[in-house]
Structure formats: structure tokens, C-alpha cells
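A.B. asks: Sharing a structure, written as C-alpha cells. Questions coming.
The values are calculated or read from the model by the stated rules, or taken from the named source; none is laboratory data. Keep in mind that this is a model prediction, so the values were computed, not measured. Positions of Cβ are backbone-derived with ideal geometry, glycine not excepted, and every protein chain shown enters the neighbour counts.
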Amino acid sequence: MLPSLLLAQGILESASGTSELAVKANNLFGIKKGSGWSGEVYAKDSKEWSADRGWYSAVSEFRRYPSYAECVEDLLHKYTHGLDWEKHNRYAAVIDETDYRKAAQAVFAAGYATDPAYPEKLIKVIEQYGLSKYDEGVSSVVKKVAIDAGHGMNTAGKRTPAGEREWSFNDKVVRAAIAELNTYSNVEVLRLDDPTGRTDVPLKTRTDRANAFKADVLVSVHHNAMTGRWGNHGGVETFTYTPVSRNPKSKALADRVHPKIVQAMGLGNRGIKGGNLHMVREFKGSAILTEGGFMDSNIDIKAMRNDAKLMVQGVAIAQGIAEYLGLQKGQAETASSGGEKFYRVRKSWTDAKSQVGAFMSFAIAKKAADDAGLNVYDESGKLVHSGGKKEEPKKEEKPVEKDDKHAKPSASLQKEFGEAVEVGITDGTYPNRQATRAEVAVMVLRGMESKKWK
């Protein structure tokens, strides 16, 4: 939002803070009670205008605020989150407008005021007091992103025909997306699901958190299924709330994210669709739900079992979000629910724009760097691997165990593994692979915490 517009509205609506509403109700903008308001109300005579009656007086109820700050916050929320799912946000044209003249016209066109001279009055105030100087650097305003991995690791039915958990795919994508977003300036990220996957956080809790966070966008990451049996179907699809045509800002977000996922996964394109899905219906902002491939597809599962592709999918989602929000690469002023350390794959440490991903696994980062001919840097900016041309010393390289995902385990092993999954000792991914020392340590700790094993 342009500061000049907000300042001009405050000056005009409150007579520079001297109006009755400003003094007795801390209401600087003449915001009426409207629907959905549960706070205090202040009733007074107000001047209204209509084409058939001209100017006339009427008693109206206005919102009463505890402070000016809460009044300003409410106005901003009205502009950015005042969504009517039947008509979409009527203030959409005001958001991100960089010309104060056009913004003034857009506010009036959206029905903020009835006075036909309202735009001209706003423009006059802006120019009289030189308020446009406060519009410089508007792009540095912090944007907020809410993201989640769909379901939990033990949610019933959310598995491949081979037993791999959907959450294990979703989680890798989300972690990579958060890491990539953290390379941009002026963005805050909130993860809505349980990062351990043990709890399938209720959908209402997720959207309530996103709305309370006042996120600008919400992205819910999923992977699809059709019949639960292996088949040759497949492809990537992205959902907004139905119908798509009435959610233009969500559609704009999908337009930037969806093609990048298709390219990252190298799978078919099933398009952008509308759906009556909770995550995109209940969030009061731009929201999409992504399906990065089909878990029961003989074709798609090959890409989904490739951790590097999942990481690149996460990077693609983040880059689409960044394009939509107008984020710039740089020393990010971020707040994230993460805290993990990542290996960054880019041309050079100072060339952040060349980055293709940030990975927790050095082995995955190394492979991504080798494939792209780039380098790997640690958190401090130290070069730890050079594009496949200079191998790391063997003492620093941990061998990657063979992952035989298709070998059939014995009946006893299946039983023991099933018990371990049920009590949360392991997430159920890759049951036939020999565990690393780190994984064993985590499983031991989980076992000690398990009520069943106690």
C-alpha cells in the first residue's frame, strides 16, 4: 500500500486528527461498523452522497478503536484481506499500485467513499504536503508467506502403493522452499504443519494460523493419488478456490508457481483448476494448493523418489512466490520456523541470483551442483564443493547407502517395521535401506520417548 494514500486518507477523513471520530473513537478513516465487526461502536451524524439525493445527513455507526495504531492496522487489513469469495477482493486494484493518482481513483472505484470528488481531494492533499516522498522504498515492506506440507506422516491412506508416506515427499519440498525464500529480502515465512510430521495438524488450525499471521500468500504442498494402484496416469496440477475466474490474485499466484513445478519435476501439465478445498477456501488472501505428481503413477514416482527433484520443486515454488510478491534477492531480513543449516548451490557466494537450491543434505547439494555445473557453499559462504570438477576429500564425504526401494522385506521385518512406524520411531520411508548413524540416533531417542516402548 502506498503510504501517501494512507496519510492523505487520514488527513482528509479526520481533519488532520481533529474530527469527532478521531478524538472520541480513534477512527482516522471514517470506517463504518460494517459486517464482521465485534468491537465497540460509535454512532454519529454523517454526511452521505447519492446521485439521486445529493448530499444528505444520516446517523451511522462507526468502528471505535483502542488506539490510532489499531485503526491503521484495521484499514490495511481491510484493503489486503477484505475478501468476498463471491466477488473477490474489491480493493485488488489498490494493492501494489505505485502511482498515487491511480491508487486514489482505485479506492473510490472500489466504493470506499461516496463523494464523487474523493479522488481529487486525496490527490490534492498528497501534493499539498508532498506525501509522495514517503512512497520511496515501498517495495521494502515485509511480505508474509504461509506454507505447509499436506497431511502428517501417519495419516491414513496418504501413501504410495509401496507404502511411502506422502508427507515425506511434501516435507522435502517445503523445507527447500523455505530455504530458498530465506535468500530473499523482506520476507517472513510461517510453516503451518508439524515439521516432524508426527501430528496431522487440523486444516482449520492451519488456516487460522495463516490468517492470524496475516500472510500475503498461502501455499499448501501435496502429491496426488488416483486409484491407489500403480498406473500410467500422472502430471502436475495446482488448485485455487473455485471458480478460478473469481479469484484473480490466487490465479496470478498459480500462474507464476505452477509452470515452474511442471518444469522442475519434468512431468505432465494437468493445469490450474478450481476446487472447494479448505486451505484455499478459508485463507483470506492469495492461496494455492499444489499437487507435484501422482504417488500411484509408474511415471511420476520416479521423479518423486529423486530427492534432488523434490528440492528443486521447492525452489521453484519459492521462486514463483517471489515473482508474485516482487521479492528481491539479498541479505534476507527473515523470520522462519526453520533454523536448519543448508548447503547452497550457486555460481558464486556473491551471486545469489544464480542459486538453484539450498539443501540440508550435502550429498544432494553436491549432486545438484554437479548436474548444473555450479558450486556448493556452506552457511558461512565457504566453498565446500566445486561443480563436480574438484572432488571433496574422502574423509569429509560420507558414503551414501544403497537404497533398494523395491526389494520385498521378510514377513518378520515388515511386522517390526510396521510397529516402529505406528509408534513414531520412523516415518516409514524406504523400509529396506540401512539406516545412517544419525537416523539410528533419532530413532533411539524417539523410542525412549514412546509410551508404548516404555
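A.B. asks: Which pairs turn up if I take residues in segment 260-285 that are closer than 16 Å to Pro243 by Cα and look for partners that are of a type in the set (Val, Ile, Thr) and in a loop (DSSP other than H, G, I, E, B) with beta carbon separation below 6 Å, at least 6 apart in sequence or on another chain?
C.D. replies: Gly274/Thr242; Gly275/Thr242; Asn276/Thr242
A.B. asks: Go through the residues of segment 144-158 one by one and say whether even a single one is modelled with pLDDT under 90 and farther than 30 Å from Asp300 by Cα.
C.D. replies: No, that holds for no residue.
A.B. asks: Can you tell me which residue among Val125, Val145 is within 30 Å of Arg53 (Cβ to Cβ) and of a type in the set (Val, Ile, Thr)?
C.D. replies: On the way: Val145 fails: within 30 Å of Arg53 (Cβ to Cβ).
Being within 30 Å of Arg53 (Cβ to Cβ) and of a type in the set (Val, Ile, Thr) holds for just one of Val125, Val145, which is Val125.
A.B. asks: Further question: Within segment 124-133, is even one residue touching a helix residue (DSSP H, G or I) at 6+ places or on another chain (Cβ under 8 Å) and acidic (Asp, Glu)?
C.D. replies: Within segment 124-133, none of the residues are touching a helix residue (DSSP H, G or I) at 6+ places or on another chain (Cβ under 8 Å) and acidic (Asp, Glu).
A.B. asks: Let me ask you something else. Might you check whether a residue that is touching a strand residue (DSSP E or B) at 6+ places or on another chain (Cβ under 6 Å) and of a type in the set (Phe, Trp, Tyr) occurs anywhere in segment 302-324?
C.D. replies: no
A.B. asks: Restricting attention to segment 279-304, and to residues there that are assigned to a loop (DSSP other than H, G, I, E, B) and not small (Gly, Ala, Ser), which single residue is modelled with the lowest pLDDT?
C.D. replies: Step by step, filter segment 279-304, then rank; the result is Lys284.
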